[in-house]
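The values are calculated or read from the model by the stated rules, or taken from the named source; none is laboratory data. Only a predicted model underlies this, so the values are computations on that prediction, with no experimental measurement involved. Here the Cβ is made from the backbone with ideal geometry for all residues, glycine too, and neighbour counts use every protein chain on show.
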Amino acid sequence: MSLNRRRFLQQGGGLAAALIAGQTAGTDLLPGAALCRAPRLRKTKFVAPAGPQRQQLSALTLARFVDALPLPEIARPEGKRADPADAHRQLPYYRMSMREIEQTVHRDVKPTRFWSYGNTVPGPVLETRSGEGVWVDWGNALPTRHFLPIDHNLHGAEAGKPEVRTVVHVHGAKAPPASDGYPDAWYTPGHSRLYCYPNQQDAALLWYHDHTMGIERLNVYAGLFGSFIVRDAAEEALGLPKGEYEIPLTLFDRGFDREGQLYYPDTGDPEAPWVSEAIGDAILANGKIYPYLDVQPRAYRFRLLNASNGRSFDLSLANGQGFQQIGSDQGLLQEPAPLSNLFLAPAERADLVVDFSQYAGQNVVLKDHRLNDVMQFRVAAGKAMPLALPARLRTIERIPEASAVRTRTMTLREYADPVSGETTLLLLNGKHWHDPVTEKPELNTVEIWELVNLTEDTHPIHLHLVRFQVLDRRSFSVQEYRSSGKMVYLGQPIPPKAGETGWKDTVQAFQRSVTRIIVRFEGFTGRYLWHCHIMEHAGNDMMRPLEVLPPRKA
Ligand code: C2O
Ligand code: CU
Ligand code: CU
């Protein structure tokens, strides 16, 4: 998809536009031999399906700020179970049950069917402490039929597989492979899996979501996600806003039909419904469209998560007020980063402090791309209570580049149908999910990964198990690389943005650029994965295994 078209979409162009076909400069023609999908050319362009259920609702016409922002409930443990690492110790035990629910996303929209891990979308917040493990029993009590369009051409979603399958991944967790939610480790309704999260990691906002091979994008779109917070004493000592002044804020976009039901775009071809992007024009904050939140004239901490399948947000406040970013994917930054806007790709998190003390008695609107309304803050009148943030939040030691034992160069590439020009496939390093494992780092070694993005889009690349640091980004000649395979840089390396200088687990790999990250593979050996977090991309087939090997004996 071209950058212009992407921009249009992000600015609320609606779903149908996501399906406009057309080959772009960043698209490669599909080599006939590399097909993962059935090699059938799609002749059908998107046609708006008939019937009231399939007619889209335009979120732009809905009344603004008529619903209060819901605050997700905090999950409660049901008991205790022995620590797998120490039988004398007991760990909290949670039961989360996936089920079909109805939720009202807006005062003027009929209740919507969702799938949830509790009573709401997003699901309940799992609150945990660093160094204190938890058990979670993830039960699947969903119906046996899916209500979103499965594409049986996709790897892992072949006809004959049960329609409804689930497996849960805690994104950002340093978890053993057996509890990481491998995409092939799915299970059907009536079953559950007991996973253990040791939480041997720093305080951070993680999140849980479905990760099922071939239908992850549909399960997540249906509502299967929620926040997972790790807390620790170092963070608590900083005096950051807490209790009612700390707000989990999960943003995600969806399309809806006129009946208030989820609308997931498709090609119009029931045999091959997969589309390369699903962008909806409704932006939901904690499950409501255009909500408001009553706040005091003081500082708030927002634990922000972009849980969209494919939409990136560019958030700012309409009154021009700035805010401080104090943390990213894997916890606090070294020092607060003052921002006027925040670009957040799918799966990224940001810890923000917004100080409303200068705005007593006013309303402040949160915007996306300075255009779409997201939500409104209603600042109460009263005595202003400004907050002075600590100048230093923690120490983040940079991983020296010299400590890397190897550098891997990996391409991000898009393939198009030669006839229609539509994107049919996206690959990491030209490999499919089911090709043999090529990324096999050794435990406790450091590697540099160079993500060579030949496309016209930013792809948020995520590695399971680890946290990493962003080294830099550098634009290069895609044309030259395509024709001769040579890397010709077009500029100097650009250091990461201030909000990216802490620990990350998802990085925006910019279009036509090489993005370099440095990773220490710590924690566990075994089978994990890495992938693009645009869920439509990951499903076809921008996802690869990652195997952490035991250290070689000296
Ligand atoms: Cu957020 Cu592989 O996941
Ligand atoms: Cu993950
Ligand atoms: Cu992608």
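Here are the numbers for this structure:
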item: Matching strands (runs of 3 or more DSSP E) fully within region 492-554 where at least 2 residues are more than 13 Å from ligand 1 (Cβ to nearest atom); result: 506-509, 513-520, 543-548
item: Considering residues of region 423-471 that are among the hydroxyl-bearing types (S, T, Y) and within 15 Å of ligand 3 (Cβ to nearest atom) only, the residue nearest to the chain's Cα centre (by Cα); result: T458
item: Criterion violated by A204 - all others in (1) out of contact with any Asp or Glu (no Cβ under 8 Å at 6 or more places or on another chain); (2) touching a residue at least 40 places away in the same chain (Cβ under 8 Å); (3) surrounded by 24 or more Cβ atoms within 10 Å (Cβ to Cβ); (4) among the hydrophobic types (A, V, I, L, M, F, W, C) satisfied; result: (1)
item: Total residues in region 253-270, condition under 16 Å from L218 (Cα atoms) and not in a strand (DSSP E or B); result: 6
item: Subset of region 229-263 [aromatic (F, W, Y) and crowded, with 22+ Cβ neighbours inside 10 Å]; result: F252, F256, Y263
item: Extreme residue, nearest to ligand 3 (Cβ to nearest atom), among residues of region 220-250 that are of a type in the set (V, I, T) and not assigned by TED's automatic domain parsing to the domain that holds L142; result: T250
item: Check on V121, within 16 Å of ligand 2 (Cβ to nearest atom) and either among the basic types (K, R) or modelled with pLDDT of 95 or more (or both); result: no
item: Qualifying residue in region 328-336 (condition: modelled with pLDDT of 95 or more and surrounded by fewer than 20 Cβ atoms within 10 Å (Cβ to Cβ)); result: yes
item: Residue match in region 520-536 (condition: within 24 Å of P338 (Cα to Cα) and either without any contact (Cβ under 8 Å) to a residue 40 or more places away in the chain or within 16 Å of ligand 2 (Cβ to nearest atom) (or both)); result: no
item: Any hit, region 463-476, residues being in a helix (DSSP H, G or I), surrounded by 13 or more Cβ atoms within 10 Å (Cβ to Cβ) and without any contact (Cβ under 8 Å) to a residue 60 or more places away in the chain; result: no
item: Any pair with Cβ under 7 angstrom, 6 or more apart, that starts in region 75-96 at a residue that is at positive phi and ends at one that is crowded, with 17+ Cβ neighbours inside 10 Å and not in a loop (DSSP other than H, G, I, E, B); result: G79/Y93
item: Sole exception among (1) modelled with pLDDT of 95 or more; (2) in contact with a helix residue (DSSP H, G or I) (Cβ under 8 Å, 6 or more places away or on another chain) for E447, by number; result: (2)
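For every residue, the table says whether it meets (1) touching a residue at least 40 places away in the same chain (Cβ under 8 Å); (2) within 15 Å of the chain's Cα centre (by Cα); (3) within 26 Å of T424 (Cβ to Cβ).
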| site | (1), (2), (3) |
| --- | --- |
| D257 | yes, no, no |
| D269 | yes, no, yes |
| Y292 | yes, no, no |
| V295 | yes, no, no |
| D329 | yes, yes, no |
| E335 | yes, no, no |
